[in-house]
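> Have a look at this one before I ask anything.
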Ligand code: ZN
């Protein structure tokens, strides 16, 4: 099928190997379960990558072939190498979409994108979560009628220390009374960012058909449109100016000089 959206699902792949309950829910790892939910859409071409692979499975060539990167991390944020973080950020600025899931609010990549602490309040009590659609016309909420529920969820509550989102597409209510901006979008450089709250690993959240639908919708929304942004800060030489130009005054740089100004 031509022009399929190329998705890479990245998972830290730690608790599903160390915790018996998580392993029972996700015997093939959370990243594979998330990938299978996305692959139900034939318009998506889905691969996975994990922390344990060389360069965390996010080599230059794999990222170059990724239109949307989905990220799930929790226990091993600090183990993600800075060189990989920089590489992922560079691709986002060029135009790759980035979907941060659940505890990835504290991932290095998401925190760098936001520029804030990304702190929130939380409670692990298996309580019910109801996610309200804030924008029924949005690509990410397509197919959801007003709200959907997750029977057992970890609570995330406000204040959520993020920059004001471009759009809040879901707002969560929890059985204990808290609310949370659980589906938020931003743009950074040429890349579209979506944060989606559900996904605590001790509950089978990524088997929920509504969660899977939202993730498929989000990939369609986050996919790049048009050309990549060439983010290399090039020099436009005097002789190539669109209007004839004579240099005036002193100059710090030699004509044609590359690199940092
Ligand atoms: Zn959690």
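The values are calculated or read from the model by the stated rules, or taken from the named source; none is laboratory data. Being a predicted model, the structure only gives us computed values, none of them experimental. A quick note on method: Cβ atoms are made from the backbone with ideal geometry, for glycine too, and the neighbour counts reach across all protein chains shown.
> Taking the stretch 173-207 on its own, how many of its residues are in contact with a strand residue (DSSP E or B) (Cβ under 9 Å, 6 or more places away or on another chain) and under 19 Å from residue 221 (Cβ atoms)?
18
> Here is a follow-up. Any chance the stretch 187-194 includes a residue that's surrounded by fewer than 21 Cβ atoms within 10 Å (Cβ to Cβ), modelled with pLDDT under 95 and out of contact with any helix residue (DSSP H, G or I) (no Cβ under 7 Å at 6 or more places or on another chain)?
No: the stretch 187-194 contains no residue that is surrounded by fewer than 21 Cβ atoms within 10 Å (Cβ to Cβ), modelled with pLDDT under 95 and out of contact with any helix residue (DSSP H, G or I) (no Cβ under 7 Å at 6 or more places or on another chain).
> A follow-up question, please. Please name all residue pairs, on different chains or six or more residues apart, with Cβ atoms under 6 Å, provided the first residue is in the stretch 87-103 and is within 16 Å of the ligand (Cβ to nearest atom) and the second residue is in a helix (DSSP H, G or I) and at pLDDT 95 or above.
Partner pairs satisfying both residue conditions: 100/110.
> Quick check, is residue 203 part of a loop (DSSP other than H, G, I, E, B), within 16 Å of the ligand (Cβ to nearest atom) and surrounded by 19 or more Cβ atoms within 10 Å (Cβ to Cβ)? Outline the logic, then answer.
Values: part of a loop (DSSP other than H, G, I, E, B): yes; within 16 Å of the ligand (Cβ to nearest atom): yes; surrounded by 19 or more Cβ atoms within 10 Å (Cβ to Cβ): yes.
Criteria met by residue 203.
> Can you tell me how many residues within the stretch 117-147 are away from the ligand (no atom under 13 Å from the Cβ) and under 16 Å from residue 168 (Cβ atoms)?
16
> Same structure, new question: Within the stretch 29-105, considering only helices (runs of 4 or more DSSP H) that don't extend past its boundaries, which have at least 1 residues that are under 12 Å from the mean Cα position of the chain (by Cα) and buried (at least 19 other Cβ atoms within 10 Å of the Cβ)?
Filter on the stretch 29-105 gives 82-94.
> Follow-up. In the set 197, 188, 216, which member is within 16 Å of the ligand (Cβ to nearest atom) and either under 21 Å from the mean Cα position of the chain (by Cα) or within 30 Å of residue 3 (Cα to Cα) (or both)?
Of 197, 188, 216, the one residue that is within 16 Å of the ligand (Cβ to nearest atom) and either under 21 Å from the mean Cα position of the chain (by Cα) or within 30 Å of residue 3 (Cα to Cα) (or both) is 197.
> With the requirement that a residue be surrounded by fewer than 21 Cβ atoms within 10 Å (Cβ to Cβ), at negative phi and not in a loop (DSSP other than H, G, I, E, B), what does the stretch 111-129 give you?
Once the filter is applied, which keeps residues that are surrounded by fewer than 21 Cβ atoms within 10 Å (Cβ to Cβ), at negative phi and not in a loop (DSSP other than H, G, I, E, B), the stretch 111-129 yields 111, 112, 114, 121, 122, 123, 124, 125, 127, 128.
> Looking at this structure, is residue 156 within 16 Å of the ligand (Cβ to nearest atom), within 15 Å of the chain's Cα centre (by Cα), under 25 Å from residue 69 (Cβ atoms) and in a strand (DSSP E or B)?
On the way: within 16 Å of the ligand (Cβ to nearest atom): yes; within 15 Å of the chain's Cα centre (by Cα): no; under 25 Å from residue 69 (Cβ atoms): yes; in a strand (DSSP E or B): yes.
Answer is no for this residue.
> Being buried (at least 18 other Cβ atoms within 10 Å of the Cβ), closer than 19 Å to residue 106 by Cβ and at pLDDT 95 or above: is that true of residue 221 here?
So residue 221 fails the test.
> Okay, moving on. Being loosely packed, with under 10 Cβ neighbours inside 10 Å and part of a loop (DSSP other than H, G, I, E, B) is the filter; apply it to the stretch 231-240 and report the residue that is nearest to the chain's Cα centre (by Cα).
It comes out as 232.
> Only residues that are part of a strand (DSSP E or B) and away from the ligand (no atom under 16 Å from the Cβ): list them for the stretch 163-185, please.
167, 168, 169, 170, 171, 173, 179, 181, 183, 184, 185
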